[in-house]
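Each remark here refers to the structure printed beneath this line.
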């Protein structure tokens with residue numbers, strides 16, 4: 001905002017210039033009245049600060065002349081003589097303020113504040129008055145040129161425009177008003193009183209509000225919602241803006257702008273219905289639906305979520321963090337996966353299996369799909385859909401158990417031949433024992449008994465493996481060190497490896513965190529993998545290497561690797577080895593060892609995988625959760 005300072009005193013001009021520029025104003029200065037008027041005419045500043053005592057023309061004269069050039073300019077008069085009559089004379093000539101010298105910062109600041117406010121109001125009012133004057137002019141032209149009226153903005157406006165004189169008689173009634181009210185212009189103009197357009201008492205209330213400040217006044221009303229009455233007596237919602245028209249300072253008419261709100265209200269109702277439908281859809285969904293803001297605060301928690309977690313919506317929405325719905329660290333991992341591309345992202349997560357934590361501290365398996373919500377390109381929330389997998393898991397477990405039992409039934413036929421061979425060998429051994437006794441031949445007796453014992457062990461191992469594969473009881477978990485289990489197994493197997501001239505090497509991570517597992521089950525798994533690694537070397541071979549290593553796998557858990565340099569496997573063989581009754585050992589194997597190992601690892605929530613290359617060796621990798 002530009003300010004012009006007119007004062008014959010150079011020191012005062014410079015002081016005011018420095019002060020006002022410090023407040024952010026653009027400051028012009030003049031040392032005489034006529035010079036100030038010339039600068040004003042050229043630069044058109046918004047505010048003038050003028051000394052009343054000037055050498056050529058006084059401040060009052062300057063005030064009068066600049067007001068003639070621009071009535072909207074705000075003039076602050078200053079004087080050494082702080083007299084009431086000078087102040088009155090200045091204010092009578094439409095000065096904004098009168099302050100005496102020496103000028104205090106407080107008085108100047110207050111005067112500038114009043115000047116800015118008045119300048120803004122005068123400009124707004126001036127623009128409004130100009131619009132009204134144009135409207136009156138257009139209305140006059142409409143009366144003089146009837147054919148031009150039909151194409152005038154007022155007449156063709158989609159909104160209703162109605163004007164009435166001070167007595168309430170309608171003098172303007174456009175096509176928009178006809179559409180709203182149902183009256184023709186001929187019926188309304190000069191024949192209908194404005195109060196007939198409203199329910200009883202409403203027109204009087206509106207007139208009163210126009211004079212008050214509540215809705216944009218005084219002398220105007222802005223965006224006031226009210227109901228009017230149509231020709232048929234039906235109420236119609238409208239949005240009303242109105243203003244008073246003046247002529248030579250005298251109120252002559254009221255002009256109102258009526259926006260038909262029927263379609264808006266219909267759309268509002270439709271939007272409300274749609275919102276309620278979507279709200280009900282979310283709330284009544286069988287799946288849990290949860291949304292949280294960027295800080296993790298829960299903002300949506302439906303009935304499905306309540307069924308899964310056990311929290312009421314009131315509990316969840318009262319400042320509860322989404323991290324409380326998961327075991328420690330899981331929420332952070334899910335957020336990270338949502339930003340990645342592994343599960344359908346970035347920005348979304350599709351069908352991710354995870355366990356959540358209920359109000360009672362129970363772990364519940366769910367299938368999670370989530371997406372990030374954005375507003376104006378900025379992330380504002382995350383929405384997750386939680387499918388309760390308890391029943392699915394129960395059915396899967398039941399199906400797996402049934403499949404195992406069915407497999408055992410099918411296996412009966414498959415192993416009948418093997419059992420028959422074992423029994424045949426046992427009969428042969430028993431026959432040899434009998435002959436040894438009869439002929440008193442100890443070597444025949446020993447040979448027959450060894451044959452019986454060997455086949456007893458074979459059928460015992462087969463029976464135990466089948467029972468282990470069919471077992472359905474959950475693991476008996478306890479916290480322990482995976483390294484200790486590996487050490488124990490390798491201590492038992494090192495001599496067997498040496499007997500085959502195979503080096504058994506341990507590479508264990510000493511910082512490995514503990515795991516919660518069934519010790520006997522994991523011991524059996526490691527034993528089976530190490531045994532298989534030893535037997536992966538042909539009996540005719542000499543030398544070889546088996547490396548057993550453990551590592552911290554981060555969020556995935558802990559990993560165990562059993563790697564050998566044996567004969568390896570083809571791709572086709574790798575696809576078969578975890579199937580029941582599939583053995584690469586011929587009569588020496590039951591075909592259940594790796595199937596049982598896989599079952600145990602899966603029961604612990606882990607994974608087992610194999611990588612192998614023919615003639616180069618194999619590597620089995622187990623990952624167990626921490």
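Here is how the numbers come out for the structure above:
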quantity	calculated
Within segment 178-198, considering residues that are closer than 19 Å to residue 235 by Cα and in contact with a strand residue (DSSP E or B) (Cβ under 6 Å, 6 or more places away or on another chain), the one surrounded by the most Cβ atoms within 10 Å (Cβ to Cβ)	197
Some residue of segment 31-41 being assigned by TED's automatic domain parsing to the domain that holds residue 113, more than 24 Å from residue 127 (Cα to Cα) and touching a residue at least 40 places away in the same chain (Cβ under 8 Å)	no
Residues that are farther than 28 Å from residue 377 by Cβ and either out of contact with any helix residue (DSSP H, G or I) (no Cβ under 7 Å at 6 or more places or on another chain) or in contact (Cβ under 8 Å) with a residue 40 or more places away in the chain (or both), drawn from segment 286-311	287, 288, 304, 305, 307, 308, 309, 310, 311
Test result for residue 240, surrounded by 14 or more Cβ atoms within 10 Å (Cβ to Cβ) and more than 40 Å from the chain's Cα centre (by Cα)	no
Residue count for segment 532-565, restricted to those that are in contact with a strand residue (DSSP E or B) (Cβ under 9 Å, 6 or more places away or on another chain) and either in a helix (DSSP H, G or I) or under 27 Å from residue 517 (Cβ atoms) (or both)	21
Number of positions in segment 209-235 that are assigned to a loop (DSSP other than H, G, I, E, B) and under 43 Å from the mean Cα position of the chain (by Cα)	5
Members of segment 341-381 found to be closer than 18 Å to residue 306 by Cα and assigned to a strand (DSSP E or B), listed by number	354, 355, 356, 357, 363, 364, 365, 366, 367, 368, 369, 370
Number of the exception - residue 317 against (1) over 20 Å from residue 367 (Cβ atoms); (2) in contact (Cβ under 8 Å) with a residue 60 or more places away in the chain	(2)
From 288, 304, 249, 296, residue being within 23 Å of the chain's Cα centre (by Cα) and on the phi > 0 side of the Ramachandran plot	296
Test set (1) in the same structural domain as residue 383 (by TED's automatic domain parsing); (2) out of contact with any strand residue (DSSP E or B) (no Cβ under 6 Å at 6 or more places or on another chain); (3) surrounded by fewer than 19 Cβ atoms within 10 Å (Cβ to Cβ); (4) not in a loop (DSSP other than H, G, I, E, B) - residue 331 fails condition number	(3)
Residue satisfying condition, being out of contact with any helix residue (DSSP H, G or I) (no Cβ under 8 Å at 6 or more places or on another chain) and under 30 Å from residue 159 (Cβ atoms), within set 314, 263, 276	263
Set 250, 220: member being in contact with a strand residue (DSSP E or B) (Cβ under 8 Å, 6 or more places away or on another chain) and either within 26 Å of residue 137 (Cβ to Cβ) or surrounded by 11 or more Cβ atoms within 10 Å (Cβ to Cβ) (or both)	220
Among the candidates 99, 103, residue that is in contact with a helix residue (DSSP H, G or I) (Cβ under 6 Å, 6 or more places away or on another chain) and either assigned by TED's automatic domain parsing to the domain that holds residue 172 or closer than 17 Å to residue 19 by Cα (or both)	99
Filter result for the condition that a residue is free of Cβ contacts under 8 Å to residues at least 60 places away in the same chain and over 60 Å from the mean Cα position of the chain (by Cα), over 84, 66, 50, 27	84
Residue within segment 30-45 that is part of a strand (DSSP E or B) and within 21 Å of residue 108 (Cα to Cα) present	yes
Residue in segment 375-388 that is surrounded by the fewest Cβ atoms within 10 Å (Cβ to Cβ), counting only those that are more than 18 Å from residue 297 (Cβ to Cβ) and modelled with pLDDT of 90 or more	387
Conditions (1) surrounded by 12 or more Cβ atoms within 10 Å (Cβ to Cβ); (2) at pLDDT 85 or above; number of the one not met by residue 42	(1)
Any hit, segment 515-526, residues being more than 49 Å from the chain's Cα centre (by Cα) and either surrounded by 14 or more Cβ atoms within 10 Å (Cβ to Cβ) or assigned by TED's automatic domain parsing to the domain that holds residue 550 (or both)	no
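The values are calculated or read from the model by the stated rules, or taken from the named source; none is laboratory data. Source: prediction; values computed, not measured. No Cβ is skipped: glycine too gets one built from the backbone with ideal geometry, and neighbour counts run over all protein chains shown.
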